[in-house]
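Bear in mind that the values in this text are calculations on the coordinates, not laboratory data. From a predicted model like this one, the values you see are computed outputs, not experimental measurements. Heads up, the Cβs are rebuilt from the backbone with ideal geometry, glycines too, and the neighbour counts pull from every protein chain shown.
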Amino acid sequence: MGTDLTRIGEKARKEPELVFTSLYHHVTDVDNLRAGYDALPEDRAVGVDGVTKGEYGANLEENLQRLSGRLKRGGAIAPSRSAEPTSRSLAVRRVGRSASAVLKTR
């Protein structure tokens, strides 16, 4: 990907005790998203949204800007996943503790 991410990887390998507080701005950066698009081979399968690399690239700059915006506001979930309603249920364990579970409902 971009040189920023390369430098971060090198720093993490050299200083394993180093704690990074925030890297998400690198994920939402349009230049890094473009580098990821460019690195993706043409013959890969379509994404969960059914769009091929070629179709996405036909309007690349606008698509990358929209993707960056959705990532920044937390709305970049694939449509097929976000449309499924879920409900929480409580499951009781043998030792008397409880655990929450997510159940998909239709």
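A few remarks follow.
- Pairs of alpha carbons in segment 3-79 whose separation is greater than 15 Å (percent): 65
- Options 40, 75, 21, ranked by Cα towards positive dipole end of segment 3-79, top entry (Cβ charges): 21
- Ignoring aspartates and glutamates fewer than eight residues from residue 72 along the same chain, the ones with Cα atoms less than 15 angstrom from its Cα are 29, 31.
- When each of the peptides 18-25, 31-38 is scored by the mean number of other C-beta atoms lying within 10 Å of its residues, the order from highest to lowest reads 31-38, 18-25.
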